[in-house]
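Remarks on the structure that follows.
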Amino acid sequence: MTAPGSPTPDRPSGKDRSSDVDRAGVARLFTQGLDEAFAALGCFNLAVFGKTGSGKSTLVNAIFGEQVAQTGVGQPVTKGLNYHRHPGGFLGLYDSEGFETGTSGDAILAGLRQWVTDHRSLPVDQQIHAAWYLVRWSDRRLEVPQESFITALDELGLPVIGVLTQVPQRAGEVHPEAIEFAEYIASRGLPLRPDGRMIPTNALSDPFTGSDVFGLDQLLQATYQVVPEVATAALTAAQIVDRERKRQAARRVIRQSVAVAAGVGATPIPFSDAALLVPTQVSMIARITAAYGLPAGRSKALAAVASTVLTGGATMAGRYLVTNLLKVVPGGAVAGSAISGTVAATVTRAVGAAWMSVCEHAISLEPTERDDFLAGPGPRQLFTAVLKRGGTTDLR
Ligand SMILES: Nc1nc2c(ncn2[C@@H]2O[C@H](COP(=O)(O)OP(=O)(O)OP(=O)(O)O)[C@@H](O)[C@H]2O)c(=O)[nH]1
Ligand SMILES: [Mg+2]
């Protein structure tokens, strides 16, 4: 007869159960951390104007990815102005989809004026931070209502960036007539930021003419120049053109978390309490994920990946960090029975760098490939591979 309270064969072993709990716990912490990280990013709000067919949707897709356009026609804000919000919440787009800002410009402006007045007293992150005004180069003329529209936007206090769209370029040479047109517009003395000129762009390559994509980075950097500090982190998460800015944001997160971990480890942590470091690391990888602007709509998959790599199937996330990660940390194999500040910092830096490489790879993929990658063994393999190299990364 079995003694009361003794384990029965069909009961899951304590080891398995605690592993499940740890994994679920880390996944929950990660999801919560991701929500907080997205909330902390705030929102970059951009207004995009230009005649129908000037290339607004195409340009927005090229700079921010397909996700915003996929949300379809946005929510009407005023006559002629719709609002789309990126699923991650860090990008708000106002556009005049399907409206002629030339002929219906007055109606759009009246609505916009009202909107700007109503929002003036709200926090900066709820205001419009920049406006792009698009002109298709092949129109070869800028009409008076278009000039008035640009001036009116400026008078409303919106920094306006002029974009010449669908400009052909071959072997690095921009179509001379587009340059001529840009020069003409520059001569009009319009309040275009930063220097009174339009930025020539082509957002789609055209195999027939051999025209390449160009000008997107210039447009993005001009946008950074006019955007208030409070919206910069959200712009960095939202855009897909400048990877280096995402890396810098992620490295900042790692530096901060390493400092926190070093503080935790300053009083040496016994092996068994190494889990004390886990919240710092989970919140770090959640913030890195947000800095890269990985889609919040995939947070379940990301949480599963995060919990897998941080628990590694071990019974205790903390013990895993000590017993497995320290093996790959230079000098970490393993002196004494406690984690010092230095070791805590090294491990945290390695985890951050390894997670960065997972995010970096994920954003380089097309959305469907990305979903497959996140659902498969790839993230764990990549994470482990970087960790084995010591997770070194340049954190400047
Ligand atoms: N080659 C090339 N074609 C472009 C470019 N931008 C837009 N197009 C094409 O021009 C057409 C109109 O572009 P859209 O981006 O839909 O224009 P839109 O301003 O959003 O138009 P509305 O939504 O009607 O206001 C599409 O067929 C695009 O494929 C570009 O930079 N290069
Ligand atoms: Mg459109």
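The values are calculated or read from the model by the stated rules, or taken from the named source; none is laboratory data. This is a predicted model, so every value here is computed, not measured. Ideal geometry is used to build each Cβ from the backbone, glycine not excepted, and the neighbour counts take in all protein chains shown.
A few comments on the model shown:
- Selection of helices (runs of 4 or more DSSP H) fully inside region 27-127 by the criterion of at least 3 residues being farther than 24 Å from ILE363 by Cβ and at pLDDT 90 or above returns nothing.
- The residues listed here are ALA237, ALA250, ALA261, ALA233; of these, the one that is touching a Ser or Thr at 6+ places or on another chain (Cβ under 7 Å), assigned to a helix (DSSP H, G or I) and more than 16 Å from ligand 1 (Cβ to nearest atom) is ALA261.
- Residue within region 165-175 that is without any contact (Cβ under 8 Å) to a residue 60 or more places away in the chain and closer than 21 Å to GLN225 by Cα present: no
- Subset of region 146-167 that is more than 16 Å from ligand 1 (Cβ to nearest atom) and in a loop (DSSP other than H, G, I, E, B) - its residue that is surrounded by the fewest Cβ atoms within 10 Å (Cβ to Cβ): GLY157
- Exclusive hit being under 21 Å from SER54 (Cα atoms) and either in contact with a Pro (Cβ under 6 Å, 6 or more places away or on another chain) or within 16 Å of ligand 1 (Cβ to nearest atom) (or both), set GLY196, GLY210: GLY210
- Within region 38-62, residues that are more than 15 Å from VAL77 (Cβ to Cβ) sit with their Cβ atoms under 7 Å from residues that are assigned to a helix (DSSP H, G or I) and near ligand 2 (Cβ under 8 Å from one of its atoms), at 6+ positions apart or across chains, in these pairs: GLY50/LYS56; SER57/ALA69; VAL60/ALA69; ASN61/ALA69.
- Residue ID - modelled with the lowest pLDDT, chosen from residues in region 343-396 that are outside any helix (DSSP H, G or I) and charged (D, E, K, R): ARG396
- Residue in region 140-151 that is within 24 Å of GLY189 (Cβ to Cβ), in contact (Cβ under 8 Å) with a residue 12 or more places away in the chain and within 28 Å of the chain's Cα centre (by Cα) present: no
- Odd one out for ALA171, checked against (1) over 14 Å from ILE63 (Cα atoms); (2) aliphatic (A, V, I, L, M); (3) modelled with pLDDT of 95 or more: (3)
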